[in-house]
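Taking it in order: structure first as structure tokens, then the write-up.
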Amino acid sequence: MKKFFYVMTEIILFLISVIVFTKPALADVNYDITNVDVTARVNPNGSLSMERRITYKFDDDAHGVFYQQNLANNQELKNPQVRILADKNSQMVVPSATHENNTYELSHSDHGYRFKVWHSVRDGDKFTVIYTYEITNAITNWKDTAELNFKIIGDGWDTDLDNVRVGIFFPGPVKDLKAWAHGDLSGQITVNPQKGNIIMTASNVGGNEGIEVHSLFPVEVTNQNKNIKDQNHKEYVLDQEARFARQANERRQRNRILGLGALVISGLFSLLAIIRSFTLKKSGVKPEKEKQLARNYEIPSVSPVMAEILDTGDEPSSRSLTASLMELAVQKKIKIDPIKIRKRTYYKISLIDKNIIKNKPLLNYLFDKVGDGKSFTTYELKKHHSSKLGKKFNKWQEQEMQKATRAGFFDEKLEHKQHANSILMVTLLILSGIAMFSAFFSNEENIALFICAAILLVLAILAVVYNKKKLSAYTARGAEVTNQVRGFKKMLDEIGNFKMRDIGELILWEEIMPYAVALGVSKKVLKQLKLEFADEIDDTNLLFWGAFYSDGKDGFASNFSSSFDSGANLNSSASGGSGVFSGGSSGGFGGGSGGGAF
């Protein structure tokens, strides 16, 4: 039903992603690198004293992290040290081949050196690893200049790097200090000869891109350097960097043209949307909003999955899948038991009635592919990471929507009209996004470009929203049942304003809970249940009270939804001074450096 909308959206998003950025392959362990702070101090003997602070945030358990420092053949890594900073507490990590916790191993190959740090990681952990070491022969002294050419942020990372800052510091002021940076064109570089430093910053660095620094300075700065070449080199570097700067500026100009083109197209689409908003006739029946309805104390005549579809007017979310499993548990067709894995609560879902997976590809996949055919756990589900599971889920969503249409709740023709409006809005968002993105690479006109793109975007969205108010895909019957569902949701939403026993005893609330989960109001209901039915919940053997209905992250509803979402994969200057990055590479050492987790 929504196939055309999704296909169009995916094509547009794919095209913009190709234009704007390329992501590296996903790591085996789910984590983010939230901060990278690198300090390099230039020594008179031509070496660099390095400190790398890398901050990790984990969404998985892991054994530790690693960092690869690639070097040239004539270079060595000396005086290594590793520390871990967690919760403001610093701890030394000792070298060892035992692989014990908080130890590291440093290995050497033809490419360079590899730190492998064993540090026990739990889901949710955040800490900083600090590497310090010295790189010999990092500077080359030519006849007419000294040169540092270093891929200081490598391009061999498993993930992107957020909030990157690189500082290169000289022993004192450096007359005629020049520096250029190569990498993402949105990065910034500041060169300060008076203070003798180079500062580079970037908000997001692609794991397969990195940052390269190329600097020239007088040979007197590294007068003890033995890495000497008896040739002139300065003019070659200046010509090379001027060429890179021109190429980068040409790329920025192309981006500006692309943005302006997108702005023009966005304006035409906006005009089209505005015209349509005034010519469109009202169609369909609109259900009442929840606040306009009286409380409905009767369980809806539709399933929890259908209740969410009618309430949102959209495909069911993983909440509804969770609710459908809870409903099967109430019917004694599956069994759900809390289990402990690494001090966290997960759940085992066991099959009692095998008939429920017949002609049900999604349930069949969960039990047979995620589990062993008889059961599966939410821990296994979280670690599954399969596009096949995502496709099964999408197919399930489509089938449930088709059921809603066949039941007479939605008018298919009106749905197509709504989808056309949605496609228009998504297209406008993307086109305006391109225009705004290109503004990052413009100079004087960036503010005007932002303002124009923002105005057009707001006008277009307002027009599309207005269109949506005129169109409703609900039939008269669909609106009627939706009013019942929303009245029931209002009752659950206002659960503290009346006594739950007036609605029914605990066994009835056991049937109501799947609806509360599907409609997104389960936390309020659970809180009140624990107040009014405390004795029964403690004493009864009724279905999985306690841990099962916990309103925290360890409760089944929250744990299954988050595990399923995870398992199904459902986030230049041509001279020294201040400026932005240029593209290309000046051939600096350190290419391929990077790291990850294991």
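The values are calculated or read from the model by the stated rules, or taken from the named source; none is laboratory data. Model, not experiment: these values are computed from the prediction. Counting neighbours? That spans all protein chains shown, and the Cβs are built from the backbone with ideal geometry, glycine included.
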Completion exercise
Note on the range 295-318: residues surrounded by fewer than 22 Cβ atoms within 10 Å (Cβ to Cβ) and among the small types (Gly, Ala, Ser) are Ser301, Ser303, Gly313, Ser317, Ser318
Practice task
Could you please let me know if Asp123 is surrounded by fewer than 20 Cβ atoms within 10 Å (Cβ to Cβ) and part of a loop (DSSP other than H, G, I, E, B)?
Solution key: yes
Handout entry: For Leu216: the one exception among (1) in contact with a helix residue (DSSP H, G or I) (Cβ under 9 Å, 6 or more places away or on another chain); (2) surrounded by fewer than 19 Cβ atoms within 10 Å (Cβ to Cβ)
Key = (2)
Practice task
Might you check whether a residue that is outside any helix (DSSP H, G or I) and on the phi < 0 side of the Ramachandran plot occurs anywhere in the range 386-397?
Solution key: yes
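Yes or no, residue by residue, for (1) of a type in the set (D, E, K, R); (2) within 27 Å of the chain's Cα centre (by Cα); (3) under 23 Å from Asp37 (Cβ atoms):
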| position | (1), (2), (3) |
| --- | --- |
| His99 | no, no, no |
| Val117 | no, yes, yes |
| Arg122 | yes, yes, no |
| Val129 | no, yes, yes |
Problem - Subset of the range 49-82 [surrounded by 17 or more Cβ atoms within 10 Å (Cβ to Cβ), in a strand (DSSP E or B) and charged (D, E, K, R)] - result: Arg52, Arg53
Practice task
Answer yes if at least one residue in the range 166-184 is farther than 30 Å from Asn223 by Cα, among the hydrophobic types (A, V, I, L, M, F, W, C) and assigned to a strand (DSSP E or B), and no otherwise.
Solution key: no
Problem - Those helices (runs of 4 or more DSSP H) lying entirely in the range 491-592 with at least 3 residues over 30 Å from Asn149 (Cβ atoms), at pLDDT 75 or above and not basic (Lys, Arg) - result: 506-518, 522-532, 556-567
Practice task
With respect to Asn355, determine if the residue is farther than 22 Å from Asn559 by Cα, part of a loop (DSSP other than H, G, I, E, B) and in the same structural domain as Pro304 (by TED's automatic domain parsing).
Solution key: no
Practice task
Answer yes or no as to whether Thr132 is surrounded by 15 or more Cβ atoms within 10 Å (Cβ to Cβ) and at pLDDT 95 or above.
Solution key: yes
Handout entry: Where Leu321 falls short, out of the listed (1) at pLDDT below 90; (2) crowded, with 20+ Cβ neighbours inside 10 Å
Key = (1)
Problem - The lone exception for Gln399 - which of (1) touching a Phe, Trp or Tyr at 6+ places or on another chain (Cβ under 8 Å); (2) modelled with pLDDT of 80 or more; (3) surrounded by fewer than 17 Cβ atoms within 10 Å (Cβ to Cβ) it fails - result: (1)
